[in-house]
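The values are calculated or read from the model by the stated rules, or taken from the named source; none is laboratory data. These numbers were taken from a predicted model, which means no experiment stands behind them. FYI the Cβ positions are ideal-geometry reconstructions off the backbone, even for glycines, and counts take in every protein chain you see. For the accessible areas, the whole protein counts, side chains as well, though only heavy atoms, and no ligand, DNA or RNA atoms are used. Shrake-Rupley method; radii C 1.70, N 1.55, O 1.52, S 1.80 Å.
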Amino acid sequence: MEKEKIKNFLIFLTILIIFIFSLFNKDFRNKLINFTYLIFSKTGKIFWNISLKINSFFLDFKNFSNLRELNKKLINENLILKQKLIDFENTKEENIKLKKQINIDAQKNISLLPANSWGFSTIDDTIFINKGEKDGIITDLTVITENKILVGKIIKVFENFSQVQLITKKDFSFDIEINNILGIAKGQGNNKLIFDLIPSSSQVSEGDIVKTAKVSGKFFPNLIVGEIKQIEKDERSSYLKGEILPAFLKEDLSILFVIK
């Protein structure tokens, strides 16, 4: 009993020391966070695949009278799964999407890095990708989908993963164009986006496509932002404003591209 108390105390003391040290040492804290990400990202996939195999076993058991044949099938599937995990970064799906290559026109120093995403959050309008410092990722890089649709920008980088701020992040703003008319887009949080500073005399209507502006300093030009969902007209104002439906909400965000 006494040994158990001492053991629990030592565990508690170790955790406390690590916690206190992480508060005052940023590099250590980032390494600890990165280590946690690696553990959970791998174990999460393992548990998910185990659950799939269990379901598959009971379903297949009904269809196979020969247990040896079923066992052989499961072994083969397990080998295939392991190979997929090893070659995950080079899957056929990624290669196909890479070949489509968003046409960021003739800038030879531009490259696109594919990344898998996870942890989509509507609370703080962020998403995580499995690329980090080891892949040459730095803050402020633009993140898009295969269809040239703007998702956001890198705001925090760890060794093996990065955090992406969505364009709908509250108080985030950037330059846009609607029918070649300059304006500004503003994030409202919770996946909501509005436009403002479009001259009231402009010919814009609901359904018009919104793109990043050619003069924008934050993003590459001509990336699709979304479409006008609603327009608010105020006769006392010289400008139109309204709501934008972000295009990335209609996209498959499982694979994204970082513009390097």
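Being part of a loop (DSSP other than H, G, I, E, B) and open to solvent by less than 80 Å² (accessible area, probe 1.4 Å) is the filter here; which residues of the range 239-253 pass it? Answer for the range 239-253, where residues must be part of a loop (DSSP other than H, G, I, E, B) and open to solvent by less than 80 Å² (accessible area, probe 1.4 Å): 251, 253.
In the range 125-143, the residues that are touching a residue at least 12 places away in the same chain (Cβ under 8 Å) form Cβ pairs under 9 Å with partners that are open to solvent by 40 Å² or more (accessible area, probe 1.4 Å) and of a type in the set (Asp, Glu), at six or more places apart or across chains, as follows: 130/89; 132/159; 133/159; 134/159.
Within the range 204-229, the residues that satisfy the criterion of being of a type in the set (Val, Ile, Thr) and part of a loop (DSSP other than H, G, I, E, B) are 204, 215. Which of the residues spanning the range 156-203 are of a type in the set (Lys, Arg) and part of a strand (DSSP E or B)? 156, 186, 192 - these are the residues of the range 156-203 that are of a type in the set (Lys, Arg) and part of a strand (DSSP E or B). Which residues, counting only those in the range 164-216, are open to solvent by 50 Å² or more (accessible area, probe 1.4 Å) and either among the basic types (Lys, Arg) or in contact with a Leu (Cβ under 6 Å, 6 or more places away or on another chain) (or both)? Hits for the range 164-216 are 169, 170, 186, 192, 200, 211, 214.
Looking at this structure, is residue 256 in a strand (DSSP E or B), in contact with a strand residue (DSSP E or B) (Cβ under 9 Å, 6 or more places away or on another chain) and not aromatic (Phe, Trp, Tyr)? Taking the combined requirement at face value, the residue satisfies it. Between 154, 255, 198, the distinction of being of a type in the set (A, V, I, L, M, F, W, C) and more than 20 Å from residue 112 (Cα to Cα) belongs to 198 only.
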